[in-house]
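Please treat every number below as a calculation from the coordinates, not as lab data. This structure is a prediction, so every number in the text was calculated from the model and none was measured. Because the Cβ atoms are built from the backbone with ideal geometry, glycine has one as well, and the counts that use them run over all protein chains shown.
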Amino acid sequence: MADNDDILLKIRHSAAHVMAEAVIQIFPTAKIAIGPAIENGFYYDFDLPRTLTPEDLEEIEKLMKAVIKGKHTFTRQVVSRKEAEAMFKDQPYKLELIAELPEGEEISIYTQGAFTDLCRGPHVANTGEIDPAGVKLLSISSAYWRGDEKREQLQRIYGTAWRNKKELDAHLTMLEEAKKRDHRKLGRDLEIFFFDDEIGPGLPLWMPKGGVIIEELEKLAKEMEAAAGYERVKTPHLTKESLFLKSGHLPYYAESMYPPMELEGTTYYIKPMNCPFHHKIFGCRTRSYRELPLRLAEYGTCYRYEKSGELFGLMRVRSMQMNDAHIYCAEDQFETEFMAVIDMYNAYFKLFGIEKFLMRFSTHGKEGLGKKYVDNEALWLKTEDMVRKVMTKSGIPFTEVADEAAFYGPKIDVQIWSAIGREFTLATNQVDFAVPERFNLKFMNKAGTEETPLCLHRAPLSTHERMIGFLLEHFAGALPVWLSPVQVAVIPVAEPFNGYVAEIEAMLKTKGIRARADLSSDRFNAKIRLAQAEKIPYMMIAGEQEQTKKTVSVRLRTGEQLKDLAQSAFADLVKGKITSRSLSLQ
């Protein structure tokens, strides 16, 4: 949270403790797990004797407000390990947390009213600083202890807390709008994608309309990358284990990979990333400095075993088509190449109408050298300074975050906000100073000696899955004309005009416009409602007048109407919007 939200952090963390106190009043034998403040709210996980119901939320919220009005002080106390274990002797999840604390680390507890919790804080001074009118419990879900599906399944209660009722109401309004824009619902309703139990969780099936969106995004990427000097490659979906041992992904990344396959005495893995394959392509022959920078791009399908509890629609999946590329360059080419990637981000932001974004610059943590990060502090400091200088020079807003880098180098992650203010992590731009050396990648420099290139890993359009999920929510399903699976619905006012409508459909298709004539037996108004529900940009309407004049009347999905247009004029309008990838319909 931002500095100016520190008070909200305290309010939400304190509200989580108040909620836990209320739950224990209802369920005295409850086992409590953890209850942090999160963005826009808080949650707490419980092991309870029965499944919670929506009616339980109402009772818990009522008890919370009574606790708040009691103005109970949050009292902090430092205790010994033995004292903590005695206090929480009936709370197995707290005992597990205590057991994992390093020897000598301070153990603190917070007490308010009748409730005591193992906690580092921070909290408000007393419960009276929480406005009861600014607190609301939102939902119940299941959650595995420690996020491990092999551990106990708990019940998680989500809530939100704000400074006052006005702020709460504004947030609830935003949540209602977010429900309408939920990409999972839109994906089903608009027949774009779905998941199937027999296929497996996190493995999306793309329907024909989803296939159109994917093709259009890939076409966009290919155009942008061709103009920027990228070359396209293709790599297999699986490889020998030795490749990931060389890259350093094994054994550290094994938990996020699908299990190995044993065939004819050889171990194979399905690929979770494309970079080792691209390194092989770079290293397949001797390279000259004249070939650099070498930019290798691929929309490669990767597979990662995300934990079941972390899967979320298209945002967290197990099968993903990644807008991947790797740029191999000399050190003196770094600034130009790094900034070219950032410029590509900006071009995409403008194209999709993304007005709010932030670049997160992730650096290493010294204590993680040799464990979490490649053990070469000098190169870490050097490459981090290179990124820092480029970002500062660019004037693009960024925030620096320690101890979140990739294992092989610093990176920029891109946070974007949708039209209703929901935050998404979308793209990445990573500096790799370590893995090229692991693969013994070399090029002959101007002096005639071998040199190891830097490698930039970048994915401005993220994956098809995450990008399409974001776009569905950003545009509330009403995608720009160029991305819309059906761009024009051609609708006759009555059956006698079906022939004219079919003629118009054929004409539009010859111009590369995705048109669909509705020749069904449904009534005219039902056809309009269907096209509107499908969020088709243009509804071309044809009746006796239009047939006689060889014109069309057009209704936009936004409600505006265009009457008595020549067929060719309308086709030119739509084609222009497609070619320019415009956000507008007129």
*Which of TRP145, TRP380 comes first, and how do the rest follow, when ranked by fewest Cβ neighbours within 10 Å?*
TRP145, TRP380
_What are the ³J(HN,Hα) couplings of region 560-574, residue after residue, when phi is run through the Karplus curve with 6.51, -1.76, 1.60 and θ = phi - 60°? Round to Hz, x for glycine and proline._
5, 10, 10, 10, 6, 8, 5, 3, 5, 5, 5, 4, 5, 4, 5
*Using θ = phi - 60° and the Karplus curve 6.51 cos²θ - 1.76 cosθ + 1.60, what whole-Hz ³J(HN,Hα) does each residue of region 18-24 get, with Gly and Pro shown as x?*
4, 4, 4, 4, 5, 4, 5
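Which net charge results when you count Lys and Arg as +1 and Asp and Glu as -1 among the other residues whose beta-carbon is under 13 Å from that of THR266? Each step should come with its number before you reach the end.
Working: positive: LYS240; negative: GLU241, GLU262, GLU264.
Value of the local net charge: -2.
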*asked:* Please list, short to long, the whole-number percent of alpha-carbon pairs of region 481-580 in consecutive 10 angstrom bins beginning at zero.
replied: 17, 56, 26, 1
*Tell me, what is the percent relative contact order of the chain, built from C-alpha pairs under 8 Å that lie six or more residues apart?*
10 percent
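Which ordering of ASP432, ASP47, ASP343 is given by a fewest-first count of other beta-carbon atoms within 10 Å?
Details: ASP432 26, ASP47 18, ASP343 14.
In order of increasing Cβ crowding within 10 Å: ASP343, ASP47, ASP432.
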*Which cross-chain or sequence-distant (5 or more) residues have an amide H under 5 Å from the amide H of THR267, H modelled 1.01 Å from N in plane?*
GLU241
*Calculate how many DSSP beta bridges within region 487-586 are antiparallel, expressed in % of all such bridges and rounded to the nearest 5.*
50 percent
*Quick one: order TYR110, TYR252 by neighbouring beta-carbon count within 10 Å, fewest to most.*
TYR252, TYR110
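Out of every Cα-Cα pair in region 331-402, what percent are more than 18 Å apart?
Numbers: 1231 of 2556 pairs.
When all Cα pairs of region 331-402 are counted, 48 percent exceed 18 Å.
With all pairs of different alpha carbon atoms counted, what Kirkwood hydrodynamic radius in Å does region 360-405 show? Could the numbers behind the result be given before it?
Working: mean 1/r = 0.0905 Å⁻¹.
Its Kirkwood hydrodynamic radius stands at 11.1 Å.
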_Computed Rg/Rh of region 456-530, alpha carbon atoms with Kirkwood Rh_ = 1.16
_To make sure I understand the rule: partners must be lysines, Cα under 25 Å from the Cα of LYS165, and not fewer than 8 residues away in the same chain. Which ones qualify?_
LYS10, LYS62, LYS65, LYS69, LYS71, LYS136, LYS179, LYS180
_Lysine pairs in region 481-580 with Cα distance under 15 Å, only those 8 or more apart or on different chains: how many are there?_
6
*Between region 51-70 and region 348-425, the Cα center-to-center distance that results, in Å*: 41 Å
*Specify whether the C-alpha gyration tensor of region 254-408 places it in the rounded, prolate or oblate class, a ≥ b ≥ c being the square roots of the eigenvalues: rounded for a/c under 1.5, otherwise prolate if a/b is larger than b/c and oblate if not.*
rounded
*Across region 158-165, in residue order, what do the Karplus-derived ³J(HN,Hα) couplings come to in whole Hz, using 6.51 cos²θ - 1.76 cosθ + 1.60 with θ = phi - 60° and x for Gly and Pro?*
9, x, 10, 9, 9, 5, 7, 5
_All-pairs Cα distance distribution in the chain, expressed in whole percent, bin size 20 Å_ = 16, 42, 33, 8, 0
*Grab every C-alpha pair in region 288-355, bin the distances at 10 angstrom width from 0 up to the longest one, and report whole percents.*
16, 31, 33, 18, 2
*Looking only at Cα atoms, what is the convex hull volume of region 3-181 per residue, in Å³?*
133 Å³
_√(5λ) per eigenvalue of the Cα gyration tensor, region 151-216, largest first, Å_ = 32, 21, 8
*For the chain, what is the percent of antiparallel DSSP beta bridges, rounded to the nearest 5?*
85 percent
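Sorted by packing (mean other beta-carbon atoms within 10 Å per residue), highest first, where do 12-23, 475-486, 66-77 land? If you can, show how the numbers build up before the last one.
Working: 12-23: 25.8, 475-486: 20.7, 66-77: 16.3.
Ranked by mean Cβ neighbours within 10 Å, highest first: 12-23, 475-486, 66-77.
What net charge do the residues around LEU556 carry, taking every other residue with its C-beta under 13 Å from that of LEU556, with Lys and Arg at +1 and Asp and Glu at -1? Provide the component values of the computation, followed by the final result.
Values: positive: LYS535, ARG555, ARG557, LYS563, LYS577; negative: GLU560.
Net local charge, LEU556 excluded: +4.
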